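The values are calculated or read from the model by the stated rules, or taken from the named source; none is laboratory data. All of these numbers come straight from a predicted model, not from anything done at the bench. As a convention, Cβ positions derive from the backbone with ideal geometry for all residues, glycine included, and neighbour counts pool all protein chains shown.
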Amino acid sequence: MRLRRKRAQIRAWRKHFAVKPVRDRTDRIKPGDILLFSTFRNENVRLPYFLQYYRKLGVSHFLMVDNDSDDGGREFLTGQPDVSLWTTKASYKRSRFGVDWLNWLQRKYGDGHWTLVVDPDELFVYPFCDTRPVRALTDWLDSSGVRSFGAMLLDMYPKGRIDAVNYRPGQDPVEIAAWFDPGNYMIERNPSYWNLWIQGGPRARVFFPDRPKKAPALNKIPLVKWDRHYAYVSSTHTLLPRGLNLTYDQWGGEKASGVLLHTKFLDTLPEKAEEELKRRQHYSGSVEYKAYAENIHQNPELWCNWSEKYINWRQLEILGLMSKGNWA
C-alpha cells in the first residue's frame with residue numbers, strides 16, 4: 001500500500017507539468033482555511049450556484065482545474081476573488097480522471113487544511129448543515145481525532161422528463177431535480193482498501209437494469225484533513241493510507257456521515273453525454289455516458305412510484321442514507 005501511495009504521488013508530480021496557472025491567488029490562503037478542489041469541463045451554467053453554495057457553507061478558497069473548456073467557464077472563474085484557477089488540454093483519462101491533477105494541488109496547497117473535493121454537480125450535505133457551517137463539522141472532527149468524513153452520492157432527478165425544464169445559471173439545481181431513490185442500494189466492503197462500495201439508485205435501476213454491478217460507485221470520501229503524504233487512488237472513492245477509508249462503524253454503531261446531492265440529471269445532460277461519447281475520456285470507454293445517450297432518447301424519465309422528494313438532511317438521516325452519529 002505504501003508503494004501504491006508513492007506511485008500515486010509520483011504520477012501527480014509528473015502530470016502537473018501539463019497544468020498551467022490561469023489565475024493563482026493561493027497567497028491569500030490563510031492557516032485553517034477550508035479549501036475546495038475540483039476539476040471541470042464546460043460547466044459554466046453550474047458554476048455560479050456552485051460557488052454560492054459552498055461559500056455559504058464556509059469554504060474559504062477554491063482551487064479549480066479547467067480541462068479545456070470552451071463555454072466561458074474559465075473566463076468566469078478568472079474574475080472570482082476566492083478562486084485559483086489552472087487549465088490543461090491534457091487527457092482527463094490519462095490523469096486518472098483528474099485525480100493526478102488534484103493530488104498534486106492538494107499536496108502543494110492542502111497540507112494541514114480540511115479539504116473538500118467535489119464536482120460542480122455535487123452539493124455536500126452533512127448533519128446540521130442548515131444551521132451550522134462546515135467549520136463546525138471540521139472542528140468536531142478535529143476534537144474527535146477523525147481525519148476523514150464519508151458521504152454517499154445521491155442521484156437527484158426531476159419528476160417527468162429531465163429535459164422538460166431549462167436550468168438557468170445561478171439557479172439551485174435541486175429546485176428542478178428534487179427527487180431521489182430512498183432505497184435500492186447495494187453495499188459491500190472492499191477487502192483491499194477497507195472502504196465501502198455502494199451501487200444502486202436510479203442509475204442502476206434505469207441505465208444498468210441488467211448489469212447492476214456496472215453501475216457507477218456511489219461511495220465517496222470528499223472531506224479530509226489533508227496531509228501531503230495522502231493520496232486519492234480512485235476518484236474520491238478510495239484514499240491511501242487506507243485507514244482514511246474507515247468512515248463507517250465496524251461494530252454495529254453509526255459514524256457521522258453525509259450525502260452528496262448529485263444533480264447531473266438536468267436538461268444539460270443529453271448534450272453532455274453526446275460530447276463525452278465523442279471524447280471517450282471517462283471510465284471503461286465512457287460506458288456510463290453510452291448508457292445515458294442510449295436511454296435518454298428512448299425514455300428521458302427517472303422518476304418512479306417509489307421516488308421520494310427531497311426535504312432536508314434530517315429526512316436523509318431517517319431514511320438511513322446519512323447519520324449524525326454522536327454529534328449533537
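Quick notes
- Qualifying residue in region 267-281 (condition: touching a strand residue (DSSP E or B) at 6+ places or on another chain (Cβ under 9 Å) and not in a strand (DSSP E or B)): yes
- Sub-7 Å Cβ pairs linking a first residue in region 317-328 that is farther than 13 Å from Tyr248 by Cβ to a second residue that is among the basic types (Lys, Arg), at least 6 apart or interchain, are Glu317/Lys324, ordered by first then second residue.
- The one condition from (1) touching a residue at least 24 places away in the same chain (Cβ under 8 Å); (2) crowded, with 19+ Cβ neighbours inside 10 Å that Asn190 does not meet is (2).
- Taken as a whole, region 203-213 holds at least one residue that is more than 18 Å from the chain's Cα centre (by Cα), touching a residue at least 60 places away in the same chain (Cβ under 8 Å) and farther than 13 Å from Asp155 by Cα.
- Checklist (1) over 27 Å from Ala18 (Cβ atoms); (2) touching a Pro at 6+ places or on another chain (Cβ under 6 Å) applied to Asp139, failing item: (2)
- Here Lys264 meets the list (1) within 21 Å of the chain's Cα centre (by Cα); (2) among the basic types (Lys, Arg); (3) at pLDDT below 80 almost entirely, failing just condition (3).
- Filtering region 195-214 to residues that are surrounded by 17 or more Cβ atoms within 10 Å (Cβ to Cβ) and of a type in the set (A, V, I, L, M, F, W, C) leaves Leu196, Ile198, Ala204, Val206, Phe207, Phe208.
- Qualifying residue in region 86-94 (condition: out of contact with any Phe, Trp or Tyr (no Cβ under 6 Å at 6 or more places or on another chain), at positive phi and of a type outside the set (S, T, N, Q)): no
- Number of the condition not met by Val287 [criteria: (1) in a strand (DSSP E or B); (2) aliphatic (A, V, I, L, M); (3) modelled with pLDDT under 85]: (1)
- Yes/no for Trp104 being within 26 Å of Val259 (Cα to Cα) and buried (at least 20 other Cβ atoms within 10 Å of the Cβ): yes
- Scan of region 9-37 for residues that are crowded, with 21+ Cβ neighbours inside 10 Å and either within 23 Å of Cys129 (Cβ to Cβ) or without any contact (Cβ under 8 Å) to a residue 60 or more places away in the chain (or both), ordered by number: Leu35, Leu36, Phe37
- Of the residues Ala217, Ala177, the single one that is within 30 Å of Phe76 (Cα to Cα), small (Gly, Ala, Ser) and touching a Leu at 6+ places or on another chain (Cβ under 9 Å) is Ala177.
- When residues of region 77-101 are limited to those that are of a type in the set (A, V, I, L, M, F, W, C) and within 19 Å of Arg28 (Cβ to Cβ), the one surrounded by the fewest Cβ atoms within 10 Å (Cβ to Cβ): Val83
- Per the listing Arg41, Arg74, Arg46, the residue uniquely without any contact (Cβ under 8 Å) to a residue 60 or more places away in the chain, of a type in the set (Lys, Arg) and within 20 Å of Pro270 (Cβ to Cβ) is Arg41.
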